[in-house]
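Visitor: Let me give you the structure first, and then I'll get to my questions.
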Amino acid sequence: MRYSGFRVIKEALTGHKGWTPAWRDPEPQEQYDIVIIGGGGHGLATAYYLAKEFQQKRIAVIEKGWIGGGNVGRNTTIIRSNYLLDGNEPFYEFSLKLWEGLEQDLNYNAMVSQRGILNLIHSDAQRDAFTRRGNAMILNGADAEMLSTQQIKARYPFLNTDDARFPIKGGLAQHRGGTVRHDAVAWGYARGADSRGVDIIQNCEVTGFRIEKGKCLGVETTRGFIGARKVGCAVAGSSGRLMAKAGMRLPIESHVLQAFVSEGLKPVLPGVVTFGAGHFYVSQSDKGGLVFGGDLDGYNSYAQRGNLPTVEDVCEGGMAIFPAFGRARLLRMWGGIMDMSMDGSPIIDRTHIDGLYFNGGWCYGGFKATPASGFCFAHLLARDAPHPTAAAYRFDRFEKGLMIDEKGMGNQPNLH
Amino acid sequence: MIIEHPLLGPRDAAEFTYMGDAKLIDRPDWQAQNAAREFYEYGYLRDNPAGWHEELWFHEAGDRSWLVVTRNTVTHEISKVELARDVARARGRSK
């Protein structure tokens with residue numbers, strides 16, 4: 001069923017009796033060409049692009065719970081492509097371009113809102129670094145603009161630019177950045193994939209891989225064995241425990257990142273503001289809630305909840321630059337599990353096991369990458385060759401010293 | 001989280017800096033034939049279990065001792081806290 005304004009009006013006049021489920025609930029078949037483990041944003045996007053762009057058939061997405069119940073439902077919905085390094089920036093710019101055409105492509109309202117993102121600057125050294133970053137973005141076809149304090153003040157009148165510790169001296173803006181309705185991304189990709197014949201199998205947990213003579217023949221699940229010529233894993237957050245079933249150790253630690261949303265307010269914040277020096281970033285959702293977050297808690301965790309010292313740290317950062325927000329009450333807070341990789345950048349690559357492919361290590365930047373991650377992983381699965389924008393996201397880059405370390409933190413995952 | 005420091009008693013985890021898996025105590029032999037491979041695995045690969053995990057915490061805002069904390073990564077429950085010095089010596093390091 002195609003969605004349109006005409007359809008909404010027609011259904012409104014006929015008692016909304018014509019809507020059908022957006023995807024089927026099929027029984028798993030015995031054998032597929034390609035099985036994707038993980039019914040999150042990346043897994044569903046991979047299945048969608050496999051079917052649509054790479055003309056693959058007989059594809060299944062296997063999800064242990066319900067689709068969109070992991071990190072695609074637990075993030076702070078920001079999209080951007082403001083990276084510095086060659087291995088990253090073309091990939092994230094490709095992703096942002098896919099976001100720009102996503103809703104027309106999927107025929108699904110994902111509420112893509114290019115309201116702009118602003119990184120605040122507090123010192124000359126930071127201005128130099130952000131000028132360099134902005135130039136790197138422009139060289140890769142993205143947009144970037146340095147804003148003065150006056151320009152920022154005009155757009156964000158509630159921003160405290162005179163904080164004694166971190167006075168705001170300007171900012172790097174990417175006007176094409178913004179926010180997206182995150183659940184709708186999972187649902188839109190699921191609907192698009194399903195309509196192209198992909199089986200989305202929920203409540204089906206992978207319990208192991210069937211590997212014989214170095215080749216992956218399929219997956220053991222709670223609903224029986226499912227055979228596949230190729231198996232792709234896209235379970236960021238749980239990558240460590242899934243790949244352990246294939247006997248692999250990964251350059252990844254799982255960490256918890258907390259996020260917060262306030263009660264609904266009238267429009268007060270037109271775009272996304274990041275205050276890196278104070279471990280705080282914030283945007284306002286279309287419902288009016290302030291959606292904000294900060295740093296990782298900093299220790300290995302699979303708990304999907306964090307601890308109070310980080311809550312205090314994040315809220316202190318918020319109060320420093322937006323004192324007015326102190327009057328808003330916190331509505332909800334939650335934690336998501338991040339695949340923190342050893343250089344802060346992801347992996348989209350084959351494994352040493354024939355027929356087993358891996359997509360993970362997204363740190364806390366997986367949401368914005370969803371379309372390109374799906375596209376590039378589909379490219380790898382269909383053609384056995386990396387997509388040009390994701391060619392650097394290899395497993396062996398750590399062994400070869402080819403790290404893509406945006407922050408220069410080294411192999412300490414909780415610092416990326 | 002509260003970490004039961006062996007010398008100082010219960011301390012807030014916020015006083016500590018987290019380092020990672022306590023296997024980092026077992027530094028490979030740099031003169032071994034396969035030292036490059038061993039150091040790659042030591043530096044970059046992790047078990048990352050969901051469940052009990054022995055890990056290094058540094059009491060940065062306290063007595064600056066290194067601890068080996070056995071903590072459950074699913075529940076954040078802590079079952080054992082030892083001085084990293086004692087653990088390392090028991091494994092034959094720094095005699």
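The values are calculated or read from the model by the stated rules, or taken from the named source; none is laboratory data. Computed from a prediction, not measured in an experiment: that's the story for all the values here. Here the Cβ positions follow ideal geometry from the backbone for every residue, glycine too, while neighbour counts run over all protein chains shown.
Visitor: Can you spot a residue in the stretch A:316-333 that is among the β-branched types (Val, Ile, Thr), closer than 24 Å to A:Ala372 by Cα, touching a residue at least 60 places away in the same chain (Cβ under 8 Å) and not assigned by TED's automatic domain parsing to the domain that holds A:Thr370?
Guide: No: the stretch A:316-333 contains no residue that is among the β-branched types (Val, Ile, Thr), closer than 24 Å to A:Ala372 by Cα, touching a residue at least 60 places away in the same chain (Cβ under 8 Å) and not assigned by TED's automatic domain parsing to the domain that holds A:Thr370.
Visitor: Hand me the list of strands (runs of 3 or more DSSP E) wholly inside chain B holding 3 or more residues that are charged (D, E, K, R), closer than 30 Å to A:Leu402 by Cβ and within 14 Å of chain A (Cβ to nearest Cβ). First the steps, then the outcome.
Guide: Numbers: elements: B:2-5, B:9-12, B:17-21, B:52-58, B:66-72, B:78-83.
Passing ranges: none, list empty.
Visitor: I'm trying to understand the selection: among the residues of the stretch A:373-403, which are within 14 Å of chain B (Cβ to nearest Cβ), touching a residue at least 60 places away in the same chain (Cβ under 8 Å) and in contact with a helix residue (DSSP H, G or I) (Cβ under 7 Å, 6 or more places away or on another chain)?
Guide: Result: A:Phe398, A:Met403.
Visitor: Same structure, new question: Take the residues in the stretch A:295-328 that are touching an Asp or Glu at 6+ places or on another chain (Cβ under 8 Å), among the small types (Gly, Ala, Ser) and more than 14 Å from every other protein chain (Cβ to nearest Cβ), then tell me which one is farthest from A:His279 (Cα to Cα).
Guide: A:Ala328
Visitor: While we're on this one: Every residue in the stretch A:329-355 that is surrounded by fewer than 24 Cβ atoms within 10 Å (Cβ to Cβ), more than 13 Å from chain B (Cβ to nearest Cβ) and assigned to a strand (DSSP E or B), please.
Guide: Within the stretch A:329-355, A:Leu330, A:Leu331, A:Arg332, A:Met333, A:Trp334, A:Asp349, A:Arg350, A:Asp354 qualify.
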